[in-house]
Amino acid sequence: MNLDRGACELPGSGLPNPGWGPLSGLPGNPLIWVLIISELLVFAAFFGVFAWQRVLDPVGFIAGQRHLEPLIGGLNTLVLLTSGLAAAMAVTQSQCPPHALRERRIRQWLALAAVLGMAFCLIKAVEYHLEFFTGPLPDSGNFFTFYIGLTGFHAAHVIFGLCLLGVAIWRPRADTVETVCAFWHMVDLIWVLLYPLLYLVR
């Protein structure tokens, strides 16, 4: 086996989770996909209510958006997407035959994903400080209620995901890595939707 190759040949086309119906072909533990689908539905409901309130108060929501810093939000988007890329690399390495070098690489990629996830939280904390403690807030109606609710709920998922990454670093088995990284990609996806919704769409 050539351990210097960047990736290994993936397993055959057999279903990883037979007996789970539509979830049978998904990587990782099927229960994590039940959680992911549930969380996506919750966020979709929040997005719907946000859009409805925006229609009712467009002027207030635009005033709130102008108080935000799109460049900081964009930086955090780049950080979190890079973290997701590192998680994907860990999954790729986990598909290879067990070996000490592969295990070390998996841990390295997962550690990079976790460090970038912590950087996301730190940048978000700095952004909160700049937004809420360095000047008066505009009269934005419900915008900042939704902003804090959505970004805070997402941050809670980031923190939970960091805990899961810690578990995968401690036990870098293929099924564990796939399960954890599936959740982490959901965290990425939600932020990719949140960023334009809160910062860019006028």
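Accessible surface comparison of 66, 107, 173, 54, probe 1.4 Å, protein chains only, largest first: the order is 66, 173, 107, 54. Packing here is the average count of other Cβ atoms within 10 Å per residue, and on that basis the peptides 156-163, 135-142, highest first, run 156-163, 135-142. Take the Cα of residue 193, step 7 Å along the line toward its Cβ, and report every residue of segment 118-149 whose backbone nitrogen sits under 18 Å from that point. Once the point is set 7 Å along Cα→Cβ of residue 193, 146-149 turn out to lie under 18 Å by backbone N, inside segment 118-149. A 1.4 Å probe, protein heavy atoms only, puts the accessible area of residue 146 near 40 Å². If you sort the three axes of the alpha carbon gyration tensor as a ≥ b ≥ c, you get a/c of 1.5 or more for segment 24-176 and a/b above b/c, which makes it prolate. As a calculated quantity, the FRET efficiency between residue 170 and residue 139 at R0 = 35 Å, using C-beta atoms, amounts to about 0.10.
The values are calculated or read from the model by the stated rules, or taken from the named source; none is laboratory data. The structure displayed is predicted, hence computed values, not measured ones. Glycine gets a Cβ as well: all are built from the backbone with ideal geometry, and neighbour counts include every protein chain shown. Ligands, DNA and RNA are excluded from the accessible area calculation, which covers all protein heavy atoms including side chains. Shrake-Rupley method; radii C 1.70, N 1.55, O 1.52, S 1.80 Å.
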